[in-house]
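All remarks here apply to the structure that follows.
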Amino acid sequence: MKCNKCYRPLHDCQSCNGKGGSGGAFGRVNCSRCDGGQVCPTHGKHWK
Ligand SMILES: [Zn+2]
Ligand SMILES: [Zn+2]
């Protein structure tokens with residue numbers, strides 16, 4: 001996938017290893033540093 005703003009290839013989020021969040025006692029928790037496990041090197045989670 002690519003960023004919708006700068007069309008660079010997205011990277012896997014370092015914080016959640018590209019999973020987009022983690023499961024926990026309270027159900028699925030979205031990662032706060034990415035959107036769906038991917039981030040733009042320039043725009044971070046705001047690539048959509
Ligand atoms: Zn971007
Ligand atoms: Zn993440």
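Hey, G23 hits all of (1) loosely packed, with under 13 Cβ neighbours inside 10 Å; (2) in a strand (DSSP E or B); (3) within 12 Å of ligand 2 (Cβ to nearest atom) but one; which does it fall short on?
Only one criterion in (1) loosely packed, with under 13 Cβ neighbours inside 10 Å; (2) in a strand (DSSP E or B); (3) within 12 Å of ligand 2 (Cβ to nearest atom) is unmet by G23, namely (3).
Considering (1) within 12 Å of ligand 1 (Cβ to nearest atom); (2) within 8 Å of the chain's Cα centre (by Cα), say which one P41 fails and leave the rest.
(2)
Report yes if C16 is part of a loop (DSSP other than H, G, I, E, B) and either surrounded by 12 or more Cβ atoms within 10 Å (Cβ to Cβ) or under 9 Å from the mean Cα position of the chain (by Cα) (or both), otherwise no. Please lay out each step first, then the result.
On the way: part of a loop (DSSP other than H, G, I, E, B): yes; either surrounded by 12 or more Cβ atoms within 10 Å (Cβ to Cβ) or under 9 Å from the mean Cα position of the chain (by Cα) (or both): yes.
Spelling it out, C16 is indeed part of a loop (DSSP other than H, G, I, E, B) and either surrounded by 12 or more Cβ atoms within 10 Å (Cβ to Cβ) or under 9 Å from the mean Cα position of the chain (by Cα) (or both).
Condition first: basic (K, R), farther than 12 Å from K48 by Cβ and within 16 Å of ligand 1 (Cβ to nearest atom). Now tell me which residues in the stretch 1-37 satisfy that.
Correct list: R8, R33.
No value in this document is a laboratory result; all are computed from the given coordinates. No experiment lies behind these values; they were computed from the predicted model shown. Note that we place each Cβ from the backbone using ideal geometry, even for glycine, and neighbour counts take in every protein chain shown.
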